[in-house]
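Quick notes on the structure that follows.
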Amino acid sequence: MPRIAAASVREHRAQMQAKLIDAAERILQAGAPLTAGEVASAAGIARNSLYRYVDSVEDLRILVLNRHLPQWGTVVGEAMAQADSPGDKVLAYVRASLEEGAPGRQAWVMRTAGSIAPAERKDLDEAHAALEAVLDEQIAASGAENPELVATIIHRVLDAGFERMEAGDDPDQVVGSCLGAVSGLLIS
């Protein structure tokens, strides 16, 4: 029977899982490949012990994302709450999303999300869809003539902004350009 360093087996398991998630997060933030051996080494446990606490390395990726995606949603939601009109809320969404996805912030979260296997993306896709629905509601409320088309274009502008920042473009310039493009869509 393994020794535990907690008041109960449940607490020990939660502590070890948190330790593994922390290790996986550090590895992902560094842009290194996430492997069972690297995570186990960073957490200070044997590689085969890792599987007592998580089912797979893919599960660790998802657990790391589940730790950070709510924070992203909160930042975007707070930015939108400070805006007055639907159009301003759309611009706040775009600005906050791009700023969160900038290098040095949460860009690594986006890279991690992009590496999740399609079969494992259900929760991630649901969280993303919920965030996009908030944007889509504000686009419709802004009086855009064809809100579905405008929403599609804005989503593509955001994708392009994230890609350009990942490619090394100046984040402030990317945010400014994307906001300019979105503003033009909302003035219709």
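The values are calculated or read from the model by the stated rules, or taken from the named source; none is laboratory data. What you are looking at is a predicted structure, and each value in this text was computed from that prediction instead of being measured. Methodologically, a virtual Cβ is constructed for each residue, glycine included, from the backbone with ideal geometry; neighbour enumeration extends over all protein chains shown.
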>> For segment 40-58, give me each residue that is of a type outside the set (Gly, Ala, Ser), surrounded by 17 or more Cβ atoms within 10 Å (Cβ to Cβ) and in a helix (DSSP H, G or I).
In response: LEU50, VAL57
> For ALA160, all conditions in the list (1) out of contact with any Asp or Glu (no Cβ under 7 Å at 6 or more places or on another chain); (2) in contact (Cβ under 8 Å) with a residue 24 or more places away in the chain hold save one; what is the number of the exception?
Replying inline: (2)
>> Every residue in segment 143-188 that is over 14 Å from ARG95 (Cα atoms) and crowded, with 18+ Cβ neighbours inside 10 Å, please.
In response: ALA144, VAL150, ALA151, LEU185, LEU186
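Here's the yes/no breakdown for (1) more than 20 Å from ARG61 (Cα to Cα); (2) in contact with a strand residue (DSSP E or B) (Cβ under 8 Å, 6 or more places away or on another chain); (3) modelled with pLDDT of 95 or more:
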{"residue": "GLN82", "(1), (2), (3)": "yes, no, yes"}
{"residue": "SER115", "(1), (2), (3)": "no, no, no"}
{"residue": "ARG121", "(1), (2), (3)": "no, no, no"}
{"residue": "HIS128", "(1), (2), (3)": "no, no, no"}
{"residue": "ALA160", "(1), (2), (3)": "yes, no, no"}
{"residue": "GLY184", "(1), (2), (3)": "yes, no, no"}
>> Just to be sure before I move on: is GLY31 farther than 28 Å from VAL134 by Cα, of a type in the set (Gly, Ala, Ser) and in a loop (DSSP other than H, G, I, E, B) in the structure I sent?
In response: yes
